[in-house]
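K.L.:
Let me give you the structure first, and then I'll get to my questions.
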Ligand SMILES: [Zn+2]
């Protein structure tokens with residue numbers, strides 16, 4: 001139950017933050033969100049595409065045309081072999 005309360009708290013904080021007109025980047029900073037955490041959370045359906053893009057840019061996440069995340073190793077998509 002504790003984690004549910006925590007989740008509710010984070011959601012309310014996030015909503016309050018957004019309703020004041022702050023950007024999703026400043027929200028991520030306020031939460032202390034790390035890139036590794038973003039990588040696990042970025043597929044949430046509730047995120048607007050442009051907000052997702054904002055955090056992808058913030059964390060320098062490169063996404064291929066096929067919508068797979070491109071590995072930082074060589075900049076080539078491991079799924080379709082395409083380059084962004
Ligand atoms: Zn691809």
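The values are calculated or read from the model by the stated rules, or taken from the named source; none is laboratory data. Everything numeric here is computed off the predicted structure, so don't read it as measured data. Ideal geometry is used to build each Cβ from the backbone, glycine not excepted, and the neighbour counts take in all protein chains shown.
K.L.:
Determine, yes or no, whether residue 70 is surrounded by fewer than 15 Cβ atoms within 10 Å (Cβ to Cβ) and within 16 Å of the ligand (Cβ to nearest atom).
P.N.:
It is false that residue 70 is surrounded by fewer than 15 Cβ atoms within 10 Å (Cβ to Cβ) and within 16 Å of the ligand (Cβ to nearest atom).
K.L.:
In segment 35-64, what residues are surrounded by 11 or more Cβ atoms within 10 Å (Cβ to Cβ) and either within 16 Å of the ligand (Cβ to nearest atom) or part of a loop (DSSP other than H, G, I, E, B) (or both)?
P.N.:
Correct list: 42, 47, 56, 59, 61, 62, 63, 64.
K.L.:
Among the residues of segment 23-34, is any within 16 Å of the ligand (Cβ to nearest atom), outside any helix (DSSP H, G or I) and at pLDDT 85 or above?
P.N.:
The answer is no, given that none of the residues of segment 23-34 is within 16 Å of the ligand (Cβ to nearest atom), outside any helix (DSSP H, G or I) and at pLDDT 85 or above.
K.L.:
What is the residue count in segment 24-45 for residues that are within 20 Å of residue 63 (Cβ to Cβ) and touching a helix residue (DSSP H, G or I) at 6+ places or on another chain (Cβ under 7 Å)?
P.N.:
Looking only at that region, the number is 5.
K.L.:
For residue 17, which of the numbered conditions (1) at pLDDT 85 or above; (2) in contact with a helix residue (DSSP H, G or I) (Cβ under 7 Å, 6 or more places away or on another chain) fails to hold?
P.N.:
If we test residue 17 against (1) at pLDDT 85 or above; (2) in contact with a helix residue (DSSP H, G or I) (Cβ under 7 Å, 6 or more places away or on another chain), just (1) comes out false.
K.L.:
I need every pair where a residue in segment 55-69 that is over 12 Å from residue 38 (Cβ atoms) has its Cβ under 7 Å from the Cβ of a residue that is at pLDDT 90 or above, sequence separation at least 6 or different chains.
P.N.:
Close Cβ pairs satisfying both conditions: 63/56.
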